[in-house]
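Undergrad: Structure in structure tokens, see below.
The values are calculated or read from the model by the stated rules, or taken from the named source; none is laboratory data. Bear in mind that the values here come from a model prediction, so they are computed numbers and not experimental data. Cβ placement follows ideal geometry from the backbone for every residue including glycine, while neighbour counts extend to all protein chains displayed.
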Amino acid sequence: MKSSAVIFASILGLVSASPSRFDKRSQPQGLDVSGWQGDVNWSQVKANGASFAMIKATESTDYINAYFAQQYNGAYNVGLIRGAYHFAHPGQSSGAAQADYFLAHGGGWSADGKTLPGMIDLEANGAQTCWGISASEMVSFIHDFGNTYHARTGRYPMIYCGASWWNECTGSNTGFAANYPLVLADWASSRGALPAGWSYETFWQYANSGKFPGDQDLFNGDEAGLKRMALGH
């Protein structure tokens, strides 16, 4: 019997764990932006070849991206598949509280074929890599966020992280890969190690600058797979 991870890969049109199976130029390209980018010229982004965009919506339970509406709606209006993300503050409030805040400020999902499931951004807080909490507390926080998001939308959120952060801060937990699509943070010319549990990445953030505003991303599949990802099929 196929594992759920393998079935999920098949649904998305992912055929191997290595991104080298595609010429990068043929993979759907995208970006992620936040308030740092301000108003984005989405028509130019589209003309430069973008297929999708991820837009920061919230942090913790007290920050909203002031440019979110222009960025999120603007991407949609030019025909990009778009999704929202939440910069998590683990340990500062519960995962459920942060998921609820995210959902209340643009982080939802609908099966319109143009919206990706929400993404939880997990990374260091300056010098405090794991936010001052234990690996078991971190795992509980992520589950709390993900289960709350799933109960409200029917989708599990995507997880954005790097391999070293994940392995240190969750104790190399392998319990998320079956349900949570990975957005791999790895600024490099070729994809490096994956976090524990995942055998492939769904998206790869490979650079923090390039032809699009903000960070540069690739979808690990083809355009049809990207559309299926948005639809939840």
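Undergrad: Go through (1) within 29 Å of Leu231 (Cβ to Cβ); (2) surrounded by 19 or more Cβ atoms within 10 Å (Cβ to Cβ); (3) not aromatic (Phe, Trp, Tyr) one by one and return the number of the condition Arg152 breaks.
TA: With respect to (1) within 29 Å of Leu231 (Cβ to Cβ); (2) surrounded by 19 or more Cβ atoms within 10 Å (Cβ to Cβ); (3) not aromatic (Phe, Trp, Tyr), Arg152 is out only on (2).
Undergrad: Which numbered condition trips up Ala127, out of (1) of a type in the set (Gly, Ala, Ser); (2) in contact with a Gly (Cβ under 9 Å, 6 or more places away or on another chain); (3) modelled with pLDDT under 95?
TA: (2)
Undergrad: Further, regarding this structure: Regarding Gly146, is this residue of a type outside the set (Phe, Trp, Tyr) and part of a loop (DSSP other than H, G, I, E, B)? Break it down into steps so the answer makes sense when it comes.
TA: Details: of a type outside the set (Phe, Trp, Tyr): yes; part of a loop (DSSP other than H, G, I, E, B): no.
It is false that Gly146 is of a type outside the set (Phe, Trp, Tyr) and part of a loop (DSSP other than H, G, I, E, B).
Undergrad: So, in the stretch 54-88, how many residues would count as being among the aliphatic types (A, V, I, L, M), part of a strand (DSSP E or B) and touching a Phe, Trp or Tyr at 6+ places or on another chain (Cβ under 8 Å)? Step through it out loud before you land on a result.
TA: We begin by selecting, within the stretch 54-88, every residue among the aliphatic types (A, V, I, L, M); these are 54-55, 57, 64, 66, 69, 75, 78, 80-81, 84, 88.
Right, trim to part of a strand (DSSP E or B) and you get 54-55, 57, 64, 81, 84.
Narrowing further to those that are touching a Phe, Trp or Tyr at 6+ places or on another chain (Cβ under 8 Å): 54-55, 57, 81, 84.
Of the residues in the stretch 54-88, 5 are among the aliphatic types (A, V, I, L, M), part of a strand (DSSP E or B) and touching a Phe, Trp or Tyr at 6+ places or on another chain (Cβ under 8 Å).
Undergrad: Name, by its number, the condition in (1) in a strand (DSSP E or B); (2) touching a His at 6+ places or on another chain (Cβ under 6 Å); (3) of a type outside the set (A, V, I, L, M, F, W, C) that does not hold for Tyr156.
TA: (1)
Undergrad: Hey, another quick one. Given the conditions (1) touching a strand residue (DSSP E or B) at 6+ places or on another chain (Cβ under 8 Å); (2) surrounded by fewer than 21 Cβ atoms within 10 Å (Cβ to Cβ); (3) touching a residue at least 40 places away in the same chain (Cβ under 8 Å), which single one is not true for Ala207?
TA: (3)
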